[in-house]
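The values are calculated or read from the model by the stated rules, or taken from the named source; none is laboratory data. For clarity, every value in this text was computed on a predicted model and none was experimentally measured. A quick note on method: Cβ atoms are made from the backbone with ideal geometry, for glycine too, and the neighbour counts reach across all protein chains shown.
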Protein chains: 2
Amino acid sequence: MTDLARVRAAAERLQGHVRRTPLLSSPFLDEIAGRRVLVKAECLQHTGSFKFRGAWAALTALDQGIGSRGVLAYSSGNHAQGVALAARMLGLPAVVVMPADAPRLKIDNTRALGAEVVLYDRATEDRDAIGAALAEARGLTLVPPFDHPEVIAGQGSTGLEIAEQAAERGVTAADVIVCCGGGGFASGIALALEGSGLRVRTAEPAGFDDMARSLASGQVERNAALSGSICDAIVTPQPGKLTLPILQRLAGPGLVVTDDEALRAVALAFQRLKVVAEPGGAVALAAVLFRPAEIKGDTVICTLSGGNVDAEVFQRALQRQAVND
Amino acid sequence: MTDLARVRAAAERLQGHVRRTPLLSSPFLDEIAGRRVLVKAECLQHTGSFKFRGAWAALTALDQGIGSRGVLAYSSGNHAQGVALAARMLGLPAVVVMPADAPRLKIDNTRALGAEVVLYDRATEDRDAIGAALAEARGLTLVPPFDHPEVIAGQGSTGLEIAEQAAERGVTAADVIVCCGGGGFASGIALALEGSGLRVRTAEPAGFDDMARSLASGQVERNAALSGSICDAIVTPQPGKLTLPILQRLAGPGLVVTDDEALRAVALAFQRLKVVAEPGGAVALAAVLFRPAEIKGDTVICTLSGGNVDAEVFQRALQRQAVND
């Protein structure tokens, strides 16, 4: 089981390898939100998202003999890049299984980070079968994107930093809104903050609010669709088996924002914080800015969880904001 | 005279008020530059540029009685915003004289930061005369944008951070490329690094390379034009009286980049560092990426000095990069 002690142990292994990302603020965002807003900018983490933390924690928890045979990850997303870089830094082989129609830039980036990329055809091939066969043949260890004790612990290191950086600013009680896909980031941070005055609440895009609904109903709720949000980085079918119980125990009610609100938050992060957010990484900021009535307290903290966004989508966010001004 | 002791004193006054901005890196930028690249991201400073440092240093150096009457700054640019915020945080009145045709957003921002904005007509009115009359009537103290001992000392606090952050990464000798308008930022950093293995070199846009030419010729060289670069934040007519002698003594040869290279650096900072740079704030990174033959050493450090860029210009940079890919 993952608990605060395991989060602390992961944070110790991350020390000197992870970036301590800044807690940003802007008087202009405070004004929109109607309270003080502190933004944990994990888009400035290695590979542009918090995912490097969990990948490093999982890889450094492997027995040396097992790890040296190599690790395996799925997807073209932020997790794959986190695993690729952590493996390269640790001198371990990494294989990433990606759909052949993934954006060329993401395939190139994952390769450039030293991973072997295995492409498959989404229409005719089964990703899990390909991964299982590779793992079997080469003795690779699968590193899941969120439902894994050490991955959760690694993401939780963000929460330890948030608590320290908030305390430096005199903040010891506040809601901490966390971008949520499968819940690895949110549950890790919740464990890191257990017993403090800081309480995690998840933020998700509308239509993909499985975690908010699961927390409300007390059982696992699935999303009707598997794609169709601009917040692609945090679209998952349902909460994790490990992450949901942690959040049931520690988190407040989940928040939900529209794709349009996520895009406006991307534009405001550009204008007021000077950082690049991807839509899925901006849903927590969107909740802070556009759902203030659902949040209590003089201060709110949120994560800005990633910045791996195409230029086209980013320009759409800037144009959307111009219309809104 | 400004020296290392004055820089250290300014840094002490800034402690707890300034952001210690991160020193970022990306393996993808290292590959383009052909060496290790470390980027001091001052776009993440309060008000989106390093200018807050010099403003705070200048305002906190005033006698209490003089300061309480208020301070005066010119321009719609980064310096005005730095002065406005520093004055508000110190509870001092601030007046900013701006052209009436300045972008509405910049006027609004400066007002929102608590400054009184006095507009003038560029075609028919004389900015200096208006400022002088206001200063006389109200007992305001002018805070110049760069040619001022405490402003230089405040900007130099960036150099102390660079030295510490570089040492943490094992770097004790390297060129430090600094975006240069009047030279306040570059000369302050040069003083902070005096006697270390880190050497400042200025970066400027082509056609506005007065500092590079002045350093080469040993005398004050002026620019032929006063506007016409996309790097508007660092277009100045000639080097400062205080800044040039400091750079003559301490800096290496100046570097010059094209507007197009500055735009490409903006796009690469978006893509690889996840930060928002304005073109003038990206000229040092552009020199690092596109003029590698003019730089020596395994590692190079550069400033990313500001991120106050309009959405339109930013989109132009992203489109320019897409063409280049």
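Scanning region B:269-289 for residues that are polar (S, T, N, Q), under 18 Å from the mean Cα position of the chain (by Cα), surrounded by 18 or more Cβ atoms within 10 Å (Cβ to Cβ) and modelled with pLDDT of 95 or more turns up nothing. In region B:32-77, which residue that is in a helix (DSSP H, G or I), more than 22 Å from residue B:165 (Cβ to Cβ) and not hydrophobic (A, V, I, L, M, F, W, C) is nearest to the chain's Cα centre (by Cα)? Among residues in region B:32-77 that are in a helix (DSSP H, G or I), more than 22 Å from residue B:165 (Cβ to Cβ) and not hydrophobic (A, V, I, L, M, F, W, C), the one nearest to the chain's Cα centre (by Cα) is B:60.
Scanning region B:230-238 finds one or more residues that are charged (D, E, K, R), closer than 19 Å to residue B:307 by Cα and touching a residue at least 12 places away in the same chain (Cβ under 8 Å). Residue A:166 meets all of the listed conditions (1) buried (at least 21 other Cβ atoms within 10 Å of the Cβ); (2) under 14 Å from the mean Cα position of the chain (by Cα) but one, namely (2). Scanning region A:234-262 for residues that are aliphatic (A, V, I, L, M) and under 17 Å from the mean Cα position of the chain (by Cα) returns A:234, A:235, A:242, A:244, A:246, A:247, A:251, A:255, A:256, A:257, A:262.
If the condition is being over 19 Å from residue A:194 (Cβ atoms), in contact (Cβ under 8 Å) with a residue 24 or more places away in the chain and among the hydrophobic types (A, V, I, L, M, F, W, C), then region A:122-164 contributes A:130, A:134, A:135, A:140, A:142, A:143. Against the definition (touching an Asp or Glu at 6+ places or on another chain (Cβ under 9 Å), aliphatic (A, V, I, L, M) and farther than 29 Å from residue A:215 by Cα), how does residue A:255 come out, yes or no? Here the answer is no, as residue A:255 does not meet what is asked. Checked against (1) buried (at least 22 other Cβ atoms within 10 Å of the Cβ); (2) farther than 30 Å from residue A:20 by Cα; (3) of a type outside the set (Val, Ile, Thr), residue B:69 passes all but condition (1). Every test in (1) modelled with pLDDT under 95; (2) under 19 Å from the mean Cα position of the chain (by Cα) is passed by residue A:323 save one, and that test is (2).
Looking at A:105, A:92, just one residue is within 14 Å of chain B (Cβ to nearest Cβ), surrounded by fewer than 24 Cβ atoms within 10 Å (Cβ to Cβ) and either among the aliphatic types (A, V, I, L, M) or farther than 19 Å from residue A:148 by Cβ (or both), and that residue is A:105. Restricting region B:309-320 to residues that are buried (at least 24 other Cβ atoms within 10 Å of the Cβ) and not aromatic (Phe, Trp, Tyr) leaves a set whose member that is modelled with the highest pLDDT is B:317.
Residue-wise test of (1) farther than 23 Å from residue B:221 by Cβ; (2) touching a strand residue (DSSP E or B) at 6+ places or on another chain (Cβ under 8 Å); (3) assigned to a loop (DSSP other than H, G, I, E, B).
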| residue | (1), (2), (3) |
| --- | --- |
| B:153 | yes, no, no |
| B:167 | yes, no, no |
| B:170 | yes, no, yes |
| B:178 | no, yes, no |
| B:189 | no, yes, no |
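Is there a residue being within 13 Å of another protein chain (Cβ to nearest Cβ), surrounded by 24 or more Cβ atoms within 10 Å (Cβ to Cβ) and of a type outside the set (Gly, Ala, Ser) anywhere in region A:298-305? Taking every residue of region A:298-305 in turn, at least one turns out to be within 13 Å of another protein chain (Cβ to nearest Cβ), surrounded by 24 or more Cβ atoms within 10 Å (Cβ to Cβ) and of a type outside the set (Gly, Ala, Ser).
In summary, residue A:251 fulfils each of the numbered conditions (1) at the interface with chain B (Cβ under 10 Å from one of its Cβ atoms); (2) touching a residue at least 40 places away in the same chain (Cβ under 8 Å) with the single exception of condition (1). Of the set (1) among the polar types (S, T, N, Q); (2) under 28 Å from residue B:102 (Cα atoms); (3) within 14 Å of chain A (Cβ to nearest Cβ), all apply to residue B:258 but (3).
Residues in region B:231-268 that are among the polar types (S, T, N, Q) and at pLDDT 95 or above: B:243, B:248, B:258. Scanning region A:261-287 for residues that are of a type in the set (Asp, Glu) and more than 13 Å from chain B (Cβ to nearest Cβ) gives a single hit, A:261.
Of all residues in region A:133-151, those satisfying the criterion of being within 24 Å of residue A:5 (Cα to Cα) and part of a helix (DSSP H, G or I) are A:149, A:150, A:151. Scanning region B:105-132 for residues that are farther than 16 Å from residue A:28 by Cβ and not in a helix (DSSP H, G or I) yields B:116, B:117, B:118, B:119, B:120, B:121, B:122, B:123, B:124, B:125, B:126.
Just to verify a result, which residue in region A:194-219, among those that are within 20 Å of residue A:305 (Cβ to Cβ) and among the basic types (Lys, Arg), is surrounded by the most Cβ atoms within 10 Å (Cβ to Cβ)? Among them, the one singled out is A:201. For region B:74-86, the count of residues that are of a type in the set (Phe, Trp, Tyr), surrounded by fewer than 24 Cβ atoms within 10 Å (Cβ to Cβ), within 14 Å of chain A (Cβ to nearest Cβ) and in contact with a helix residue (DSSP H, G or I) (Cβ under 7 Å, 6 or more places away or on another chain) is zero.
Is one or more of the residues making up region B:174-187 over 15 Å from the mean Cα position of the chain (by Cα) and either under 26 Å from residue B:307 (Cα atoms) or at pLDDT below 95 (or both)? Checked region B:174-187: at least one residue is over 15 Å from the mean Cα position of the chain (by Cα) and either under 26 Å from residue B:307 (Cα atoms) or at pLDDT below 95 (or both). Right, residue A:115: within 14 Å of chain B (Cβ to nearest Cβ) and under 30 Å from residue A:312 (Cα atoms) or not? Against the criterion (within 14 Å of chain B (Cβ to nearest Cβ) and under 30 Å from residue A:312 (Cα atoms)), residue A:115 qualifies. Within the bounds of region A:108-118, is there any residue that is among the aliphatic types (A, V, I, L, M) and at pLDDT below 90? No, region A:108-118 contains no residue that is among the aliphatic types (A, V, I, L, M) and at pLDDT below 90.
Restricting attention to region B:1-51, the residues that are among the basic types (Lys, Arg), within 12 Å of another protein chain (Cβ to nearest Cβ) and surrounded by fewer than 17 Cβ atoms within 10 Å (Cβ to Cβ) add up to 1. The set of residues in region A:160-188 that are under 15 Å from residue A:23 (Cβ atoms) and among the hydrophobic types (A, V, I, L, M, F, W, C) comprises A:160, A:162, A:163, A:166, A:167, A:171, A:174, A:176, A:177, A:178.
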